[in-house]
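What follows is a set of notes on a single structure, which appears directly below.
Readers should treat all values here as calculations from the given coordinates under stated rules, not as data from a laboratory. Values in this document were obtained by computation on a predicted structure and should not be read as measured data. Because the Cβ atoms are built from the backbone with ideal geometry, glycine has one as well, and the counts that use them run over all protein chains shown.
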Amino acid sequence: MIGFFAAISAVLSWTFACSIWRRESENLLPRQINIYKNVLASIFFLPVVLTISWFSDAFSIFVLIISGIVGISIGDTLYINSLKIIGTRKTLSFEALTPIIATTLGTLSINEIYTQKVWIGSLVVSFSLLMIVRQNTFQKEESRETNILGILCALGSVFCAVLAALMSRVILVSSTFTPLQTTEIRLLSASIFLFLIFKKDFLDLIENRLLTKKNHSSLILSTILGTNCGILFQQIVFKFLPIGIGWTLLSLSPIFSLFISKREGDEINKLTIFYSFLSFIGVTIALI
């Protein structure tokens, strides 16, 4: 039950944070938002650094560092870029691939055994979310090239997220690190990596005062929700649940994003609502 409630909390946190990041991406570069939120999130959890024995399990820390770079630095930058191009609901809907990818990788790489109902539930969720993507509800006119770029960014972020989650899952079940400690290690590594690669963008953001007080408030709120709480809840999920079941639960974001779709000019039809609830039924099948 801990893993279930953590997954629902993560989904809620991500959905509302994604809405804010998309709005802010109209004025800021995706990589600037990613640097800002990760540096800020690292500072919020900085006291956790004192509880980590940095040299007692160097291999686990190294794996978590790679996980942070792949999942947060690269994956989140692609994710925010996708939010800017194709919107919150459609970006979240590309998580349709994550249940199947995560279940398959969990089986092949770390020998997690899933029952038939888990596979059926994952397939139902994937099918439902793919059908949501196919609904022609987004009203903004975008060029074919722009849509392809947005889709590629969304798919790239999915693969980065699943790979990073797999690495986190391995460390969480094989070491003494807590979800909070793994969260801070991943955030710190992602922040340092982004700063080294995009130092100029970060300094421009700070020195040129591109952010108003309202922007700061919005980004702080989205950081606490989507980065601190979101990643922490995600780590709790992978501590207590197999990666396939965990990602099936975490893929429910499109359902919650229905509540913010109209604000983004994304009209929802009856089929979208039907397939959204069908995805919830798929999760239920996987968990029963």
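Annotations
- Along the chain, the longest continuous region that contains none of the trypsin sites (Lys or Arg not before Pro) in a DSSP loop with at most 11 other C-beta atoms within 10 Å is 1-139.
- Legend: Rg and Dmax of the stretch 149-202, from Cα coordinates, 13.9, 41 Å.
- Here each label is just a point 7 Å from Cα along the line to Cβ, and for Met1 and Phe59 those points are 3.7 nm apart.
- Simple spin-label estimate for Ile148 and Leu287 gives 4.0 nm between the two label positions (7 Å along the Cα-to-Cβ direction from each Cα).
- Calculated diffusion of the chain, Stokes-Einstein form, Kirkwood radius summed over Cα pairs, 37 °C and 0.692 mPa s, µm²/s: 173
- Over the stretch 140-247, the hull volume per residue, using the convex hull of the C-alpha atoms, is 157 Å³.
- Mean shadow area of the stretch 23-94, taken as a quarter of the surface of its Cα convex hull (nm²): 5.8
- Between Ser109 and His216, the modelled labels are 4.0 nm apart [label points 7 Å from Cα along Cα→Cβ].
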